[in-house]
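First the structure, in the form of structure tokens, and then the observations on it.
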Amino acid sequence: MPDTSVVARLIARYRAQEHRLLDAPHDERARRRFEDTAYTLCVLMCERTARDAVLAAEHYVHRRIRAAAQPVAARRAAGGC
């Protein structure tokens, strides 16, 4: 499975490029960057569309963060740090 921090950075890059492209829809360079990032997310998340890849990536990151936080919550509940 991909590293959570890599996926989170790609999501942030995708969202930032999406906003740039919405601001300048005729900017070919911005479109190319956006499409490259979308393709990378598709390959990384094994999805066929950019929308599905971003949704899968966001779900993956949130699930991994929650899983990592559970042991901390359990220690706190038991009176640990």
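A count restricted to the range 7-26 and to residues that are open to solvent by 50 Å² or more (accessible area, probe 1.4 Å), in a helix (DSSP H, G or I) and either modelled with pLDDT under 95 or more than 20 Å from Ala57 (Cα to Cα) (or both) stands at 3. The residue list Cys42, Cys46 contains one member that is open to solvent by less than 90 Å² (accessible area, probe 1.4 Å), within 16 Å of Pro2 (Cβ to Cβ) and not acidic (Asp, Glu), which is Cys42.
Any idea which residue in the range 27-39 is most open to solvent (accessible area, probe 1.4 Å), counting only those that are in a helix (DSSP H, G or I) and of a type in the set (Asp, Glu)? Across the range 27-39, the extreme among qualifying residues is Glu28. Scan the range 27-42 residue by residue and report those that are over 22 Å from Asp52 (Cβ atoms) and either under 9 Å from the mean Cα position of the chain (by Cα) or at pLDDT below 95 (or both). Result: no residue meets the conditions. Looking only at residues in the range 51-68 that are without any contact (Cβ under 8 Å) to a residue 24 or more places away in the chain and open to solvent by less than 50 Å² (accessible area, probe 1.4 Å), the one that is nearest to Glu18 (Cα to Cα) is Ala53.
Could you check the range 1-34 and list, in sequence order, the residues that are of a type in the set (D, E, K, R) and within 30 Å of Ala69 (Cβ to Cβ)? Reasoning before the result, please.
Kept after step one, since they are of a type in the set (D, E, K, R), are these residues of the range 1-34: 3, 9, 13, 15, 18, 20, 23, 27-29, 31-33.
Result: Asp3, Arg9, Arg13, Arg15, Glu18.
The values are calculated or read from the model by the stated rules, or taken from the named source; none is laboratory data. These figures come from a predicted structure and were not determined experimentally. Note that we place each Cβ from the backbone using ideal geometry, even for glycine, and neighbour counts take in every protein chain shown. Please note that ligands, DNA and RNA were not included when accessible areas were found on the heavy atoms of the full protein model with its side chains. Shrake-Rupley method; radii C 1.70, N 1.55, O 1.52, S 1.80 Å.
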